[in-house]
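Q: Got a structure for you, questions after.
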Amino acid sequence: MICPNCSADNDRVIDSRASDDGRTIRRRRFCNHCRKRFTTYERVEQYPLKIVKKDGAREPFMREKIERGVERACWKRPISAEQIRALAVQVEAELQSDVESEVLSTVVGRLVMKRLADLDQVAYVRFASVYREFKDVEDFVAELAPLRHSTEGLND
């Protein structure tokens, strides 16, 4: 690393820390030539994700859209903003770990629904009703059937 004070390329790392989001590393450095300290930040280069919508349109991935959709589904439910943010971060991390640079919106929806089912079943059904475009009560009943079977074993 080149020292910003003297332009020498002779330094050592004093301290390294990961940021809160885990994507950036902060390093405190000491220049052996001019004896000054400086900070550098490193981050992993990620390729921008594109979401392929149902109509074939492509748009950049935005974690905020997931957060807004989950917030609506969790309205008046005992779910904190931090839990919603964590869910969106988990979905984004899973999408980023995949090799593909384009992801179908249906894949994103399934990932969100999977995590919502574990977080809050009411929010899961609310999200599913919009995501799967329920037309009538039968659609709700069909979506609830697997949830009922998974919780019946818990109530015995």
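Q: Return the single residue from ASP120, ASP139, ASP55 with maximal mean-square fluctuation; model: Gaussian network over the chain, springs between Cα atoms under 10 Å.
A: Highest fluctuation among the options: ASP55.
Q: Using a Cα-Cα cut-off of under 28 Å, which lysines could be cross-linked to LYS114, ignoring same-chain neighbours fewer than 8 residues away?
A: In chain and number order, the partners are LYS50, LYS53, LYS54, LYS65, LYS76, LYS135.
Q: Something else: Using only DSSP helix segments of four residues or longer, with each worth -39500 (n - 2.57), what per-residue ellipticity at 222 nm results for the chain after dividing by its residue count and rounding to 500?
A: -15000 deg cm²/dmol
Q: Between [x] 12.4; [y] 10.1; [z] 14.0, which matches mean projected area of the Cα convex hull in nm² calculated for the structure shown?
A: The value computed from this structure is option [z].
Q: While we're here: Among all cysteines in the chain, which have no other cysteine Cβ under 4.7 Å from their own Cβ?
A: Taking the Cβ cut-off of 4.7 Å, the unpaired cysteines of the chain are CYS74.
Q: GluC sites (Glu not before Pro), restricted to the stretch 25-69: which are DSSP loop and have at most 12 other Cβ atoms within 10 Å?
A: GLU45
Q: Among ALA93, ALA81, ALA142, determine the one that fluctuates most according to a GNM of the chain built with springs between C-alpha atoms less than 10 Å apart.
A: ALA142
Q: Collect residues whose amide H, placed 1.01 Å from N in the peptide plane, falls under 5 Å from the amide H of THR24; neighbours closer than 5 in sequence don't count.
A: The answer is SER19.
Q: Excluding the sites themselves, what is the longest stretch of the chain that contains no trypsin sites (Lys or Arg not before Pro) in a DSSP loop with at most 10 other C-beta atoms within 10 Å?
A: By the stated rule (loop sites, at most 10 other Cβ atoms within 10 Å), 77-134.
Q: Out of residues 5 or more away from LEU104 or on other chains, whose amide H comes under 5 Å of its own, with H placed 1.01 Å from N in the peptide plane?
A: HN-HN under 5 Å from LEU104: VAL52.
Q: Connecting C-alpha atoms closer than 10 Å in a GNM of the chain, tell me which of ILE51, ILE14, ILE84 has the biggest fluctuation.
A: ILE14
Q: With the dipole of the chain worked out from charges on the C-beta (+1 for Lys and Arg, -1 for Asp and Glu) around the Cα centre, which of LEU87, ALA128, LEU144 lies farthest toward the positive end?
A: LEU87
Q: Separate question: Take the Cα of ARG58, step 7 Å along the line toward its Cβ, and report every residue of the stretch 95-122 whose backbone nitrogen sits under 12 Å from that point.
A: It comes to 101-104, nothing else.
Quick note: the coordinates plus some simple rules give every number you see, no bench work behind them. Please read all numbers here as calculations on a predicted model, not as lab measurements. Glycine also receives a Cβ, built like all others from the backbone with ideal geometry; neighbour counts cover every protein chain displayed.
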